[in-house]
1. Grab the beta carbon distance between residue 157 and residue 296, set R0 = 45 Å, and tell me the FRET efficiency rounded to 0.05.
2. Across every pair of different alpha-carbon atoms, what Kirkwood hydrodynamic radius in Å does segment 2-404 reach?
3. Estimate the FRET efficiency between residue 386 and residue 105 by the formula 1/(1 + (r/R0)^6), using the beta-carbon distance for r and 41 Å for R0, to the nearest 0.05.
4. Given points 7 Å out from each Cα along the Cα-Cβ axis, report the residue 124 to residue 378 separation in nanometres with one decimal.
5. If R0 is 25 Å, what FRET efficiency do you get for residue 315 and residue 30 from their C-beta distance, rounded to 0.05?
6. Order these by the 10 Å Cβ neighbour count, fewest first: 222, 231.
7. Calculate for the chain the 222 nm mean residue ellipticity that helices alone would give, adding -39,500 (n - 2.57) per DSSP H run of length 4 or more and normalising by residue count, nearest 500 deg cm²/dmol.
8. Taking neighbour counts of Cβ atoms within 10 Å as a proxy for exposure, in what order, fewest first, do 68, 16, 91 appear?
């Protein structure tokens, strides 16, 4: 699930977004490595927290137990209205765009295909977690096989691209961080495996191992894929491309190669969509307890995600996801320090590099969030307003619960 959720369709469209901020080969690869290291640090923080609280709910549980119940509620609120549903919507749009590679689709047609994908995969997961996890395993294995095949093709038949005509510009710290922010969207979802801790065998051992191995595997895949793109295509071509993986494959094997890779993107989008759709309702169920079933949460999630597809754009969706998630990830790191300060707490899985690693994770998370917000403050203000709106809802919710008891 870790590898399957993270390696989604965004790796096949996001490099052009990153290259716009960091227009040099060394800079681009540095961005991907930095994003991978930050993801690994986050996975390590998440691993200790999941071993301390091995029950369904993930980040919601961690924030509730280490910061406050209100903070946990706000995470779930933000997940539903912005972050988690936004990932579902953005991934479904990418899926639909690549369906358009094989069949001409208008903008309305792309939105219709995206909505259909959400509804079909939500129905599969509605049938049960076993059906959803079986689909996830099959899709993940297929993706890794095809990615390995693409890299082997590059080694055997790939020819280096001609030098770019554009002269690489210097990169400011702000632009580098915005590049890392765009790259982090492709790493999104590494924490979602913790949402199913209550349904995982031996979660205290299994989940930390899955998070660490999964994040390292994905980082290696991403650096290798972007190295391949930059080897096969001039830097300015990668920057302007909307289907960089298909363009890279076409440079090796012509239109057939582009078609194969476009099919890979469809497969990847199914994987990430299924994984995110599977994970989200577990967190909502953990928040609401017996009053909201996992299946009801799945239905409501599908409806709202379809609404985001119908009204939003890809760029709006992914930028809002990044800064919203990473503000809460900084709080999650702070929660680990509070947990360690409790008397009698003995970690069953101790994070490597404590306290340096979680401190660096908190600082980097705040930098990513703040610079992403500063880059487009008006759009960010609307997204953050939705999050803050959850506070009065939380207090009304608490009063209602006390009234019933």
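1. Calculated transfer efficiency: 0.30.
2. Its Kirkwood hydrodynamic radius stands at 21.4 Å.
3. Details: r = 30 Å, r/R0 = 0.73.
That gives a FRET efficiency of 0.85.
4. For residue 124 paired with residue 378, the spin-label model returns 4.0 nm.
5. Step by step, r from the Cβ atoms, then E = 0.60.
6. With the fewest neighbours first, 222, 231 line up as 231, 222.
7. After summing the helix terms and dividing by the residues of the chain, the value is -26500 deg cm²/dmol.
8. 68, 16, 91
Just so you know, all these numbers are worked out from the coordinates, no wet-lab data involved. Since this is a predicted model, take the numbers as computed values, not measurements. Heads up, the Cβs are rebuilt from the backbone with ideal geometry, glycines too, and the neighbour counts pull from every protein chain shown.
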